[in-house]
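K.L.:
Structure incoming, see below.
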Amino acid sequence: NLGNNMLKHIVEKKPIYRLLLATCSYSRAVQQSRVQAKPSARTLTTKNSASQRSEDPREHERAAQLPSLPCWKCERVIDLSGGEAKFLCPCAEKVILPPTTSNYFYVMNCPVSFEVDLDHLRTTYKSLQWILHPDKFANSSEKEKRFSEEQSSLVNKAYSTLIKPHSRGLYLLGLHGEQIDEKDNTAGDPTFLEEVMEANEELSRAPPPPPSRLRDMQELNNKKLKNCVSELARFFKNGDISNAKEALARMKYFLNIEKDLVEMLDVP
């Protein structure tokens, strides 16, 4: 407590220290971003690419690098040159296949774009889990059980990553061979950092702001988040990866503020 009081005193007396403290907060936010959404593919791929990289190269070693795959049961050759995900062999027995791609967009049958159809994403997720869920293969062979677990896990990862704008942006950034590094000064604008610092200071006061003020802050913060989403859609569409990185770094700040606001408003 003594250390916190001393730090608060210094910050209040010296504006420059407020900026330095905000910069430190930025570094932590960037580090969190790197941990939360490390993409499973490090290079940008297209529908015509047969080479996909995953978080663990062993995860899809049987099929992800192949232009075609023979069904393990009927030996029918399945074309994988288009890059899209295949889940079942089209033979009469409809046997489950091992994962054929590690690209989350292909898994969810979405274009490789920041702008995705969320309704399509939800519908695809439910449909795939209905087909692939391990419970449906409880009485199947060990091979089918294993493939079901791998496919279902991949679909879960793809959906949870693509459904949220921030994690989707970080994943797409990774497909372009980029990531937010704590050494990057992507959100180092003094005005922005001062704005974030003031919001954090207000939320940390004792007593805390009244619910009416918290709701006003939440409304303003939501507008800033929506603005970040609009910027990211434009930047990725134009191939402006540098500005996309900046927008993602700023967005992480606003998400942290949103989390604090939700927690404080939920307190009775």
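Read-outs throughout are calculated quantities, based only on the coordinates presented, and are distinct from any laboratory measurement. Since the model is a prediction, treat every value here as computed from it, not as a measurement. Don't worry about glycine lacking a Cβ; one is built from the backbone with ideal geometry, like all the others, and counts go over all protein chains shown.
K.L.:
Mean separation of Cα pairs under 8 Å and 6+ residues apart, divided by the residue count of region 154-268: what relative contact order is that in percent?
P.N.:
Working: 64 pairs, mean separation 39.9, N = 115.
Worked out over region 154-268, it gives 35 percent.
K.L.:
Another one. Could you please state, rounded to a whole Å, how far the C-alpha centre of region 201-238 is from the C-alpha centre of region 103-145?
P.N.:
33
K.L.:
Let me ask something else about it. Relative to the present Cα-Cα distance, how much length would full extension add between ASP135 and THR123 at 0.36 nm per residue of separation?
P.N.:
Working: separation 12, 0.36 × 12 = 4.32 nm, distance 1.97 nm.
Extra length from ASP135 to THR123 when fully extended: 2.4 nm.
K.L.:
Right, next: Considering the zone a paramagnetic label at LYS226 would reach in this model (a point 7 Å from Cα along the Cα-to-Cβ line), which residues of region 150-180 have amide N under 16 Å from it?
P.N.:
165
K.L.:
Let me ask something additional. Give the total of Lys-Lys pairs in region 187-268 with Cα-Cα distances below 15 Å; include a pair only if its members are 8 or more places apart or on different chains. Don't skip to the answer; put the middle values down first.
P.N.:
Numbers: LYS223/LYS252; LYS223/LYS259; LYS224/LYS252; LYS224/LYS259; LYS226/LYS252; LYS237/LYS245.
Qualifying lysine pairs in region 187-268: 6.
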